[in-house]
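Asker: Provided herewith is a single structure, encoded as structure tokens, for subsequent inquiry.
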Amino acid sequence: MTRHPNDGVLRRLVDEPLGVADTDREHVANCPICTEGVAMAQKDALFTAEALPAEADVDVDAAWRRLAAADPGRAPSRTRRKWRSPIIAGAAVGVLLAGAGAAAAGDWFQIFRTERIAPVTVHQADLMAMPDLSSWGDVEITSRPQIHPVGDAAAAEKESGLDLPEVAELPRGVTGEPSYQAGKRISASFTFRAAKVAAFAQKQGETPPTMPAGLDGSSFRLTAGPGAATVWSSKQGVPSMIVARAVAPTAYSTGVPFVTARDYLLSLSGLPADVAAQLRRFTADGTTLPLHVMPEEMTSEPTDVGGAPATLLSSSDGVMSAVVWVRAGTVTLVAGSLSGDEVLTVARGLR
Amino acid sequence: MDLALAHGGKDSVALSRRSPVARDDLEQVFRAAYPRVVAVAARVLGSRDEAEDVAQEVFLTFGRSDVPAGEALPWLSVAAAHTALNHIRTGKRRAGREQAARPHEATVPDVADAVVAAEERRRVRAALARLPRKQAVALVLRHSGLSYAEVAAALDLSPGSVGTTVRRAESALRKELTS
């Protein structure tokens with residue numbers, strides 16, 4: 001009889017028998033010791049397969065979008081992911097804090113309409129410290145933008161109901177035919193919950209300020225969009241320039257005086273003092289949307305586009321720039337792997 | 001900066017700085033291999049969310065590499081196994097998210113089962129982390145469907161020794177988890 005094959009060969013007989021030499025297979029078939037060895041190997045293999053299950057249910061499209069949007073200098077970290085999902089909440093808190101004015105009883109009442117965008121400096125560390133709105137109440141996204149590619153500019157305009165601006169002259173390095181995207185209106189609501197506020201404060205080891213009467217259970221609603229975008233892609237399929245337009249964010253309240261909600265939010269711990277101070281400055285007329293700018297990553301400066309006040313943002317490494325402005329209830333963005341001058345030239349030349 | 005403001009969150013139009021990737025075939029490879037790569041990482045981590053984070057890291061690295069497309073799957077699988085094992089060793093966890101996600105898992109009917117399942121996952125992760133690295137990677141790759149020849153090529157082993165390596169790993173894992 002031939003010598004006993006080693007454990008590795010017996011293991012391979014379990015799941016890849018064709019890879020085992022005929023002589024070994026014949027030996028095992030006639031050798032009680034090796035047959036027992038194969039049975040043991042099979043048992044361990046089965047045990048391992050059960051211990052290492054893998055769900056295969058993944059959304060490849062969503063995963064691809066995430067990769068395409070990833071910052072090249074930074075792997076997609078848990079932090080990024082954590083903060084990406086409540087971005088609606090982030091926008092909502094911005095509107096809530098920046099908006100002002102009207103108090104009304106009864107039905108939804110418009111309390112804020114974006115007419116201007118102003119940058120608010122938020123250091124990365126502060127952003128980490130700032131609790132998202134779900135710590136203070138219930139956030140519900142009632143409709144999602146469902147941004148999707150469309151065939152041409154006419155289709156994008158039809159879906160969004162907006163005129164997509166045309167670029168007079170493409171900057172150097174941006175070439176080829178653009179693609180078009182359209183997105184539906186997004187709608188999110190926020191309802192104050194005294195119990196959540198108390199629980200959050202307790203976790204922080206603090207006592208929350210007393211909630212004003214009527215605030216518990218009162219709701220705010222934010223809507224933005226629909227919108228459309230023209231996207232020029234680089235050879236690698238990543239956008240090199242985007243011109244996007246959307247119906248600017250508007251907020252509504254169910255009736256509690258807005259100033260009550262705003263002051264209460266501002267009095268809660270977690271919001272960095274300088275951010276709160278900056279936000280307070282915007283509260284006068286309920287028309288200025290704060291745009292978070294992380295000074296570690298972006299610098300911002302005021303500018304103008306066709307007479308409208310605009311904000312020019314540039315990445316600290318000088319690689320990316322964006323300009324954003326609001327006119328007649330629509331917000332327009334020109335952004336790309338371009339210099340500040342280049343995006344401004346494009347923005348000012350839009351037709 | 002909330003560039004996503006007007007459109008909102010993950011559905012927004014993605015605007016990247018200079019491309020994170022330098023290869024034209026990335027999307028094609030990604031779409032073909034992503035589920036497999038997630039599955040490799042999930043076998044190590046026992047958590048799909050965490051596995052997807054690992055897969056993203058791995059594809060970003062792949063995107064900057066010049067690995068031939070024909071060798072992409074074994075390369076990505078090895079990278080996913082190593083990165084996932086590194087996550088365990090460096091203690092990277094998303095405990096909060098796992099906690100939050102657990103009640104929604106359809107396969108976990110109640111809290112008691114959830115606790116048992118979580119404990120089981122923790123033990124498997126710990127056991128994998130204690131195996132010699134080559135054994136752990138070979139084990140995960142073989143259980144992810146790579147052939148003996150592919151595992152051998154990926155880990156620079158002789159085809160004959162893959163079976164031995166996997167066998168040792170399985171035996172050690174069972175002993176550790178049933179002790």
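Asker: Between A:Ser267 and A:Ala308, what FRET efficiency follows from the Cβ-Cβ distance if R0 is 30 Å, with the result rounded to 0.05?
Answerer: Values: r = 34 Å, r/R0 = 1.13.
The value I calculate is 0.30.
Asker: Label points 7 Å out from Cα along the Cβ direction at A:His148 and A:Leu18: separation in nm?
Answerer: 4.3
Asker: Does segment A:7-51 come out rounded, prolate or oblate, given a ≥ b ≥ c as the square roots of the eigenvalues of its C-alpha gyration tensor, rounded meaning a/c under 1.5 and, failing that, prolate meaning a/b above b/c? Could you put the intermediate results ahead of the total?
Answerer: Details: a/c = 3.26, a/b = 1.60, b/c = 2.03.
Here segment A:7-51 falls in the oblate category.
Asker: If each residue of separation counts as 0.36 nm, what is the full-extension length gain between A:Ala199 and A:Ser339 once their alpha-carbon separation is subtracted? Write out the running numbers ahead of the final one.
Answerer: Details: separation 140, 0.36 × 140 = 50.40 nm, distance 4.64 nm.
Length difference between fully extended and current span is 45.8 nm.
Asker: Using only the Cα atoms of segment B:116-179, what do you get for the radius of gyration and for Dmax, in Å?
Answerer: Using the Cα atoms of segment B:116-179, the pair Rg, Dmax is 12.3, 39 Å.
Asker: Taking each residue in B:52-59, count the Cβ atoms of any other chain within 10 Å of its Cβ, then average. What number comes out?
Answerer: On the way: counts 7, 7, 2, 5, 9, 5, 1, 7.
Per residue, the average neighbour count from other chains is 5.
Asker: Determine the shape class of segment A:129-217: with a ≥ b ≥ c the square roots of the Cα gyration tensor eigenvalues, call it rounded for a/c under 1.5, and otherwise prolate if a/b is greater than b/c, oblate otherwise.
Answerer: On the way: a/c = 4.28, a/b = 2.70, b/c = 1.58.
Prolate is the answer for segment A:129-217, as a/c is 1.5 or above and a/b outweighs b/c.
Asker: Something else: Stretch A:Arg172-A:Ile33 to full length: gain in nm at 0.36 nm per residue minus the Cα-Cα span?
Answerer: Numbers: separation 139, 0.36 × 139 = 50.04 nm, distance 7.44 nm.
Full extension from A:Arg172 to A:Ile33 adds 42.6 nm.
Asker: When the label point is put 7 Å from the Cα of B:Ala149 along its Cα-to-beta-carbon vector, which residues of segment B:40-75 have a backbone N closer than 20 Å?
Answerer: B:68-75
Asker: Under the definition of partner shielding as Cβ atoms of other protein chains within 10 Å of a residue Cβ, what is the mean value for peptide B:29-35?
Answerer: Working: counts 0, 5, 4, 1, 1, 7, 8.
If you average over the peptide's residues, the count of other-chain Cβ atoms is 4.
Asker: Order of A:Thr260, B:Thr165 from fewest to most other C-beta atoms within 10 Å?
Answerer: Values: A:Thr260 17, B:Thr165 23.
Listing A:Thr260, B:Thr165 from fewest to most nearby Cβ atoms yields A:Thr260, B:Thr165.
Where a number appears in this text, it was derived from the coordinates with a stated rule and is not lab data. These numbers come from a predicted model, not from an experiment. With ideal geometry, Cβ positions are generated from the backbone for all residues, glycine too; neighbour counts draw on all protein chains shown.
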